[in-house]
Amino acid sequence: MALRKLVAGNWKMNGTRAKLAELDGIVSAADAAPGVDVAICPPFTLIDAAVAAAPSLPIGAQDCHHAVQGAHTGCVSAEMIVDLGARYVILGHSERRTDQHETDRDARGKALAAFAAGLTAIICVGETGAQRDAGRAGIVVAGQLEGSIPATGTAANLVIAYEPVWAIGSGRTPSLAEVKEMHGLIRAKLEAILGIEGAGVRILYGGSVNPGNAAELLAVPDVDGALVGGASLTAAQFVPIIEAAAAL
């Protein structure tokens with residue numbers, strides 16, 4: 001089943017208000033590609049300004065806390081994110097799993113909070129280079145899916161992003177055959193966990209996606225879009241990815 005493509009940009013810890021000027025070109029490209037969903041996930045500090053600068057463009061956050069409120073200094077709840085006008089939230093990114101020692105259980109709790117607040121959760125999964133070299137990539141990703149996805153996930157509130165850790169920011173990507181194999185495994189696992197809803201959950205590929213490789217990656221079966229890091233920071237790099245999705 002062909003699903004509507006989603007191209008989401010993760011700005012990570014990059015950008016001040018001046019960076020929002022890039023949204024003009026991104027919005028124009030999104031308007032010219034009505035068959036593609038486009039979103040940008042800037043730092044928390046820019047969410048409300050991004051919503052104001054580009055009201056037609058879905059904006060997301062890069063994390064949220066599992067609790068609605070409380071004594072959690074420095075944390076941000078899903079409700080706070082919604083209050084700023086965001087619609088998506090990235091959860092379980094490998095950089096948070098590594099740097100903040102987040103677990104599948106953490107991702108699951110945050111996803112439940114996101115669902116309750118009305119956000120669409122983009123849950124990230126992916127293996128390290130050592131795990132792939134050991135032949136354990138499929139086992140690792142399947143385990144992350146089992147541990148991170150709430151039973152209340154649906155095609156409307158959940159997106160999965162497969163990001164092989166060794167490919168993020170490295171300029172390297174898996175072969176198209178490897179991408180196809182992993183996305184097929186993820187699709188089967190989604191259907192096992194969520195039943196018929198799993199067939200409609202979009203699976204994004206992430207990890208050094210750029211204008212030069214986007215078209216071939218997005219054409220792989222069960223690649224329903226892309227989660228883009230560095231190439232989403234400028235319209236010049238991000239727009240060709242949107243156009244590649246629209247051409248399929």
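What follows draws every value from the coordinates through simple rules; no lab data is involved. Small disclaimer: the values here were computed from a predicted structure and weren't measured. Here Cβ is always computed from backbone atoms with ideal geometry, including for glycine, and neighbour counts include all displayed protein chains.
Here the gap between Glu181 and His101, fully extended at 0.36 nm per residue and compared with their Cα-Cα distance, gives a gain of 26.0 nm. When the Cα positions of Gly200, Ala86, Ala130 are compared along the charge dipole of the chain, Ala130 comes out farthest toward the positive end, with charges on each C-beta of Lys, Arg, Asp and Glu. What does the charge count near Glu95 come to, summing +1 for each Lys or Arg and -1 for each Asp or Glu among other residues with Cβ under 13 Å from its Cβ? Counting the neighbours of Glu95, the net charge comes to -1. Close amide H pairs (under 5 Å, H built 1.01 Å from N) link Val38 with Val7, residues at least 5 positions away or on another chain.
Among Thr103, Thr128, Thr120, the order by Cβ neighbours within 10 angstrom, fewest to most, reads Thr103, Thr128, Thr120. For the chain, a simple Cβ point-charge model (Lys and Arg +1, Asp and Glu -1, everything else neutral) yields a dipole of about 120 debye relative to the Cα centre. The local environment of Ile26, defined by Cβ-Cβ distances under 14 Å, has a net charge of -4 under the rule Lys, Arg +1 and Asp, Glu -1. Scalar couplings 3J(HN,Hα) for the range 65-82, obtained by applying the Karplus form with A = 6.51, B = -1.76, C = 1.60 to θ = phi - 60°, are 8, 7, 8, 6, 6, x, 7, 10, 3, x, 9, 10, 8, 4, 5, 5, 5, 4 Hz; x denotes Gly and Pro. Spin-label model, Arg172 to Leu3: label points 7 Å out along the Cα-to-beta-carbon direction sit 2.8 nm apart.
Listed peptides 66-73, 212-219, 241-248 appear in the order 241-248, 212-219, 66-73 once ranked by packing, highest mean of other Cβ atoms within 10 Å at the front.
Each of Leu248 and Ala116 was given a label point 7 Å from its Cα along the Cα-to-Cβ line. The distance between the two points is 3.5 nm.
Database remark: amide H of Arg202 closer than 5 angstrom to the amide H of Ile160 (H placed geometrically; neighbours at sequence offset of 5 or more, or on other chains; Pro and chain starts carry no H).
Once every DSSP H run of n ≥ 4 in the chain is given -39500 (n - 2.57) and the sum is divided by its residues, what mean residue ellipticity at 222 nm do you get, rounded to the nearest 500 deg cm²/dmol?
Helix-only estimate at 222 nm: -11000 deg cm²/dmol.
Given R0 = 22 Å, the distance between the Cβ atoms of Ala219 and Ala155 translates into a calculated FRET efficiency of 0.55. Here the 3J(HN,Hα) profile of the range 211-220, calculated from phi with Karplus coefficients 6.51, -1.76 and 1.60 at θ = phi - 60°, is x, x, 10, 4, 4, 6, 5, 5, 7, 5 Hz, Gly and Pro shown as x.
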